[in-house]
1. Please give the contour-minus-distance gain from residue 305 to residue 361: 0.36 nm per residue of separation, less the Cα-Cα distance, rounded to one decimal in nm.
2. Kindly report the accessible area of segment 374-422 per residue (heavy atoms of protein chains, probe 1.4 Å, no ligands, DNA or RNA), in Å².
3. How many percent of the accessible area of segment 209-316 is carbon or sulfur, using a 1.4 Å probe?
4. Report, in whole Å, the centroid distance computed from the Cα atoms of segment 356-382 and segment 95-157.
5. Whole-Hz Karplus ³J(HN,Hα) for segment 247-263, in order, using 6.51 cos²θ - 1.76 cosθ + 1.60 and θ = phi - 60°, x for Gly and Pro?
6. Taking amide H positions as placed in the peptide plane 1.01 Å from N, state which residues far from residue 396 in sequence (5 or more) or on other chains have amide H under 5 Å from it.
7. Residue 94 label point, 7 Å along Cα→Cβ, cut-off 17 Å on backbone N: hits in segment 104-147?
8. Out of the total accessible area of segment 119-161 (probe 1.4 Å, heavy atoms of protein only), what percent is carbon and sulfur?
Amino acid sequence: MRASARAASLGKNGSFSVAFSIFGKSIGFSRKTESKAVAKGTPAVAPPAAPKGDLDFSLLGPSPASKVPGASAARAPELKPATASAAAAPETAASEKAASVLEDTVILFANGQVEQALATLSRAVHNEELGGFALQGWLMLFDLYQHLGMAAEFEVHAMKFAVRFERSPPAWVESREHRHGAPAPTETAIFALGKELSAGDAAEMEYLRRLARTGRTVWLECGEVESLDATGCALLRDALIFLRSRNTQVLLSRETRLVELLEGVCQPKKTDTGRAVWELLFEIYRILDLKYKFEEAAVSYAVTYEVSPPSWESRAADAGRTAPASASEGAEPALVLAGELTGASDDLARLLRDWAAANEVLVLDISRVRRVDFVTAGLIFQVLSRLSKDGTTIRIRGASELIHALFRIMGIDKVARIIPLR
């Protein structure tokens, strides 16, 4: 199945308007994007212009008749053109309706409206309204169950899937491993902190500690942090100290808000703050190589707790935001992204360019990515398009059914080879 696409644009009041077709018909929509995608301080990213010509959506196209139980090979009837056209009209309408359901599902999911996407798709699946698009619809349904942690529903539909399509269903992956699976030693990983830095992050911090391998790079995304407590600070402090002890390179992204939060509570003679909060601030100062700020805070810390001030330990050798080192000879390095990619951070754009500059082939592993919004997909398209024009070979592996569909809509499949998760 082939389709045409039109350009996407960021409208007023944070609305993201797109008119496109992924199944041969034009569909327009306008939905509110997540506030953080257009928040103050977020770099403006012009979404990509649509590639010329038709987009190949064969992966999302209807399954061959032989793949759908009960379907039989269609014979070409000997009808006059007008009669044939009239006979085909109901089938065309049903196909367009099924395509609309899948398109709406992709749109809702990209906008973060996951439960609405599930309601839209599950209704069509249960009512068997998808026709030749049934296989793609079922695979998207499994993605949504996985995203929402609905293991019981996943297993029930896995059995139905096996009977209906006579093939093995997707396998359930525990949510924490799905978000942050352990990457191979040659990979660089992005680790995103959540909105709250608290005791609830214990499992996430354990994963962060597991990234401590010599020569590795951890890109710590801090832009979403809105609040913190002493327990959460202690967990992150311990993880960062452990990474430092293993000579793991740590790069910080959008760390300004986190530093402001820490500095706001780390005030002289304010003993109720907790030492762990101060110690996390010291560790971040070391990563950023901010010696003068470290020494000022150390004096305040000594006055507050009546102890000797901590000593400065430079991390200039691995501080900053330099290009990731290449992997050892004979191994294919991959940049691993995890969590939800939203807001079109220019740090992500820089990381993609740096990684491409340091390696012969840009391999992007998104098997741990749970969701990508439209603005970030547009940013990825822009960066990868420039790299492709410069001669960079690009492979994106581990794309879920929903993310794969979004990437094809945005034209990313025209500049990179996309390898599905299943």
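The values are calculated or read from the model by the stated rules, or taken from the named source; none is laboratory data. All values reported here derive from a predicted model rather than from experimental measurement. Here the Cβ is made from the backbone with ideal geometry for all residues, glycine too, and neighbour counts use every protein chain on show. Ligands, DNA and RNA are excluded from the accessible area calculation, which covers all protein heavy atoms including side chains. Shrake-Rupley method; radii C 1.70, N 1.55, O 1.52, S 1.80 Å.
1. 15.0 nm
2. 34 Å²
3. Carbon and sulfur atoms account for 47 percent of the accessible area of segment 209-316.
4. Using only Cα atoms to place each centre, the spacing works out to 24 Å.
5. 6, 7, 6, 10, 10, 9, 10, 6, 8, 4, 5, 4, 5, 4, 4, 5, 5
6. 364, 417, 418, 419
7. Output list for this probe position: 124-137.
8. Carbon-and-sulfur percentage of accessible area, whole number: 56.
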